[in-house]
1. Could you look through segment 30-45, keep only residues that are among the aromatic types (Phe, Trp, Tyr) and within 30 Å of the chain's Cα centre (by Cα), and pick out the one that is nearest to residue 107 (Cα to Cα)?
2. Condition first: touching a strand residue (DSSP E or B) at 6+ places or on another chain (Cβ under 9 Å), aliphatic (A, V, I, L, M) and either exposed (fewer than 11 other Cβ atoms within 10 Å of the Cβ) or at pLDDT below 90 (or both). Can you find one or more residues in segment 266-279 that meet it?
3. Are there any helices (runs of 4 or more DSSP H) wholly within segment 204-272 with 1 or more residues that are basic (Lys, Arg), and if so which?
4. Only residues in segment 242-257 that are without any contact (Cβ under 8 Å) to a residue 24 or more places away in the chain count as the first member; pair them with residues that are part of a helix (DSSP H, G or I), Cβ under 8 angstrom, at least 6 apart or cross-chain, and list the lot.
5. Restricted to segment 1-60, and to residues that are among the charged types (D, E, K, R) and touching a residue at least 12 places away in the same chain (Cβ under 8 Å), which residue is farthest from residue 114 (Cα to Cα)?
6. Please list, ordered by first then second residue, the pairs with beta carbon atoms under 7 Å, 6 or more apart or interchain, first in segment 109-124 and over 12 Å from residue 40 (Cα atoms), second in a helix (DSSP H, G or I) and not hydrophobic (A, V, I, L, M, F, W, C).
7. Go through (1) at pLDDT 90 or above; (2) surrounded by fewer than 19 Cβ atoms within 10 Å (Cβ to Cβ); (3) assigned by TED's automatic domain parsing to the domain that holds residue 278 one by one and return the number of the condition residue 232 breaks.
8. Within segment 8-29, can you find the residues that are more than 30 Å from the chain's Cα centre (by Cα), assigned to a helix (DSSP H, G or I) and loosely packed, with under 12 Cβ neighbours inside 10 Å?
Amino acid sequence: MNLWEVHVRPVERSEEGRYQEVMDEHHYLGRMPKISETLWYIGLWRNQWVALLSFSAAAWKCAARDQWIGWSPRHQYDRLKLVANNSRFLILPDWHFPNLGSRVLSLCQKRIPRDWQDIFGHPLLLLETFVDPRRFQGTVYRAANWHCVGQTRGFRRTGNGYSARTHPPKMIFVRPLRPNARELLSRPLLESAFNTGGAKIMITAEHMQSLPQFFTDIPDPRRAQGRRHRLSTVLAIAAGAILCGMRGYKAITDWANSLGQKARERFRCRVENGRCVVPSEYVFRNVLIRVDPLDLDHALQNWNKTHGEKDESLAIDGKVMRNAIDEQGYQTHIMSAIGHQTKNCYTQKK
């Protein structure tokens with residue numbers, strides 16, 4: 001068998017029934033439903049099916065993978081769409097030839113970034129898969145330059161959370177689709193080309209000029225000695241950064257540092273040596289953990305009343321805050337009012 005004659009392509013709609021039947025017959029896990037972002041491939045040799053592969057959504061949680069990437073929990077869930085899981089890989093019974101598996105896998109790795117972008121409208125940076133060591137040792141993945149980053153803990157996701165009983169752990173393999181994939185996934189401020197989260201509003205010149213005035217009445221929790229930046233400026237820049245999709249002090253600071261001089265003037269930044277300077281990460285952190293959240297919420301509601309006229313209706317959304325325990329030992333729940341058109345959060349209440 002000449003491996004150079006092997007090629008891969010996505011499964012056509014008319015072939016999906018056959019694909020599912022073959023997978024159900026020959027793969028030990030059986031068929032897998034096509035849910036959300038899922039892409040099926042077939043490997044062919046002279047128009048004969050020799051291999052079947054499925055790529056779908058990444059695992060919601062995977063400690064070894066998350067530690068290898070180095071991303072923080074606040075960034076992880078916004079960036080999971082940049083990771084795909086090789087959820088099925090089947091070499092058909094009559095085609096167990098040396099190096100065929102790694103050849104098919106390598107061909108998929110080369111074309112899936114383009115296919116994923118064309119079909120789902122966003123890029124991929126990383127592939128992952130889970131290998132049951134009771135059945136396999138991941139030889140094909142190692143031959144295709146995948147890296148084993150550890151093992152799962154044995155818990156499975158269920159409809160009600162995670163299973164209480166552990167299952168045999170699986171080996172975790174990952175394959176970056178570009179050399180700097182880890183660095184891109186873990187950086188505080190993600191490039192716009194890789195943003196896959198919800199809609200983010202853009203801050204206009206009018207927004208920049210109006211934001212500081214809404215925070216002028218908030219009491220400053222800092223000592224008078226050593227203040228270099230107005231409280232209204234610090235809060236306005238932080239609010240602008242979060243409205244543009246930034247999460248975390250580092251991301252807010254990076255966004256602030258990226259502002260041009262005109263934008264800094266609109267935020268009423270401090271002038272030093274003829275140039276406007278923005279607050280440091282320490283200043284953002286110090287202010288945001290000490291300012292009265294009720295005062296801040298009230299100011300943001302007033303800003304939304306002024307700039308939220310595009311919303312014809314609101315959605316009510318409830319969330320449980322992770323790692324937030326109140327005085328009675330209960331987890332903190334919050335309710336949010338979000339505009340359907342602008343995606344702005346109008347208010348949040350405990």
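1. The extreme case among them is 41.
2. no
3. Hits in segment 204-272: 249-257, 261-266.
4. Close Cβ pairs (under 8 Å, with a partner that is part of a helix (DSSP H, G or I)) amount to 242/252.
5. Checked segment 1-60; the qualifying residue farthest from residue 114 (Cα to Cα) is 46.
6. 122/81; 123/113; 123/117; 124/113
7. (2)
8. Scanning segment 8-29 gives 14, 17, 21.
The values are calculated or read from the model by the stated rules, or taken from the named source; none is laboratory data. Being a predicted model, the structure only gives us computed values, none of them experimental. Please note: Cβ atoms are built from the backbone with ideal geometry, for glycine as well, and neighbour counts cover all protein chains shown.
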